[in-house]
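These notes concern the structure reproduced below.
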Amino acid sequence: MNDDLLGKYLAGEANAAESERVRQWLGEDEVYQQEFDKFERIWETAGQVNREAPVDTDAAWLKMKSRMTATSTPASTAQAPTVPAPATPPPPFPSVETPPTDETIVRPLSGRGATPWRTYWRAAAMIALVCTLGWLAFQKYLNKPEAEVVAIQSVKTTNQKQERTLPDGTKVTLNRGSRLSFPQAFASDSREVTLSGEAFFEVTPDPARPFRIKAQGTTVQVLGTSFSVRAYDENVKVAVRTGKVEFTAKKKAVTLVKNETAAFDAAEDTIRKLPKLDVNLFSYKTGRLEFKNDRLSDVVQTLNDVYQADVQLANPGLQNCLLTVTFDDESLDHVLNVTAETLGLRVRREGSRAIFEGKGCAQ
């Protein structure tokens, strides 16, 4: 069956003899009718596309014909489904078509207007081509080698810290109440992880693959160094122990080197370098707490951060009490008791909350 004749038939531009020729062909075998029904659905869709969003049907038709020509080889023919031959070969179609008259002309189908049938036929070819390419891409994705599918792993801590070695050899100490997500295998040009909470990183050097930590909308990028990132909320803090890192948030950035600290203030949308490094930022990694003439209000804040605790002062007069003491891998209860004894205070318990009580300290 000639493609042009089918197009004229679907467009309502075929005369009586041509229409009869198509109907006779359809009646020869059920398979022909099934295939014709599929093309008719594509035809209707092509008409809708052409009315709502005009397309370059000429280009689509040429592309479709080139693909049909490229695939018309003996090998591709052998793979095509076999269509049963009719029991009795149909008689040949007349080579001379009956000239149409006013009575024999088949009028265009309603709703199609005067759009040339070739426009619909080519639009239908374009849709068929897009569907074919989409199907092939989908099949390629389904048959993708398992090695190319990268799985994402996640580590979460509650009341205990945890250490983990990443696929590139980077060592991570995850503090309490934190989560780290990372791929089972890093990409060939970068290494990226996502952090919520707090973690200390000892990054394996690899100049060809920068190491990036995504944390609460900020990014910390390094090549090889050791540092801590605190990101329990959108106010993120970075402290560098060795090496150099770049700390960015939105369009702001700062470079930090050894013993430098910076914090992102979400409310003010800015990054600030802090005046000095607080070694206690690494305490969950080192297990060591050091206070040298520090105000009790700052000590309480550190204890709450390190132990994820709820320690408070009974009255503002205790804020300026100064503490000098060092703790090595001690429990929170031990730290609270030693602090209270050193400053002549008491510790009152209210459930999980600990409250320092006593007289105020002179400024």
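The values are calculated or read from the model by the stated rules, or taken from the named source; none is laboratory data. Small disclaimer: the values here were computed from a predicted structure and weren't measured. Methodologically, a virtual Cβ is constructed for each residue, glycine included, from the backbone with ideal geometry; neighbour enumeration extends over all protein chains shown. To get the accessible areas, we keep the full protein, side chains included, count just its heavy atoms, and leave off ligands, DNA and RNA. Shrake-Rupley method; radii C 1.70, N 1.55, O 1.52, S 1.80 Å.
Filtered by the rule that a residue be among the polar types (S, T, N, Q), closer than 13 Å to residue 290 by Cα and touching a helix residue (DSSP H, G or I) at 6+ places or on another chain (Cβ under 9 Å), the stretch 317-344 gives 324, 339. Annotation note: Cβ proximity below 9 Å between a residue of the stretch 166-195 that is touching a residue at least 12 places away in the same chain (Cβ under 8 Å) and over 26 Å from residue 233 (Cβ atoms) and a residue that is outside any strand (DSSP E or B) and among the small types (Gly, Ala, Ser) (sequence gap 6+ or interchain) occurs for 167/185; 184/151; 185/147; 185/151; 188/208; 189/208.
Of the residues 291, 282, which is outside any strand (DSSP E or B) and buried (at least 18 other Cβ atoms within 10 Å of the Cβ)? Break it down stepwise before answering.
Numbers: 291 fails: outside any strand (DSSP E or B).
After applying the criteria, what remains is 282.
If only residues of the stretch 211-227 that are small (Gly, Ala, Ser) and surrounded by 17 or more Cβ atoms within 10 Å (Cβ to Cβ) are counted, the one that is nearest to residue 266 (Cα to Cα) is 215. Residues of the stretch 176-210 that are open to solvent by 80 Å² or more (accessible area, probe 1.4 Å) and of a type outside the set (D, E, K, R): 184, 188, 205, 207.
Entry remark, the stretch 335-349: residues being under 13 Å from residue 309 (Cβ atoms) and open to solvent by 80 Å² or more (accessible area, probe 1.4 Å) number 1 in total. Residue check: residue 173 meets all listed conditions (1) open to solvent by 90 Å² or more (accessible area, probe 1.4 Å); (2) at pLDDT 95 or above but one, namely (1).
Close Cβ contacts (under 7 Å, 6 or more residues apart or on different chains) running from residues in the stretch 299-318 that are farther than 15 Å from residue 333 by Cβ and in contact (Cβ under 8 Å) with a residue 40 or more places away in the chain to residues that are crowded, with 19+ Cβ neighbours inside 10 Å and aromatic (Phe, Trp, Tyr) comprise 299/291; 313/356; 314/356; 318/356. Scanning the stretch 321-339 for residues that are over 47 Å from the mean Cα position of the chain (by Cα) and under 12 Å from residue 300 (Cβ atoms) yields 321, 323, 339.
Filtered by the rule that a residue be in a loop (DSSP other than H, G, I, E, B) and of a type in the set (A, V, I, L, M, F, W, C), the stretch 267-279 gives 267, 274, 277.
Being among the polar types (S, T, N, Q) and surrounded by 17 or more Cβ atoms within 10 Å (Cβ to Cβ) is the requirement here; does residue 331 meet it?
Working: among the polar types (S, T, N, Q): yes; surrounded by 17 or more Cβ atoms within 10 Å (Cβ to Cβ): no.
Here the answer is no, as residue 331 does not meet what is asked.
When restricted to residues that are assigned to a loop (DSSP other than H, G, I, E, B) and in contact with a strand residue (DSSP E or B) (Cβ under 7 Å, 6 or more places away or on another chain), the stretch 326-359 contains 3. Taken together, the residues in the stretch 228-247 that are open to solvent by less than 70 Å² (accessible area, probe 1.4 Å) and on the phi < 0 side of the Ramachandran plot amount to 13.
Yes or no: the stretch 250-260 includes at least one residue that is open to solvent by 40 Å² or more (accessible area, probe 1.4 Å), assigned to a strand (DSSP E or B) and of a type in the set (Gly, Ala, Ser). Reasoning before the result, please.
Taking the stretch 250-260 as the starting set, the residues that turn out to be open to solvent by 40 Å² or more (accessible area, probe 1.4 Å) are 250-253, 255, 257-260.
Among the residues that remain, those that are also assigned to a strand (DSSP E or B) are: 252-253, 255, 257.
Those left that are additionally of a type in the set (Gly, Ala, Ser): 253.
The answer is yes, given that some residue of the stretch 250-260 is open to solvent by 40 Å² or more (accessible area, probe 1.4 Å), assigned to a strand (DSSP E or B) and of a type in the set (Gly, Ala, Ser).
Residues in the stretch 294-325 that are surrounded by fewer than 16 Cβ atoms within 10 Å (Cβ to Cβ), in a strand (DSSP E or B) and acidic (Asp, Glu): 310 alone.
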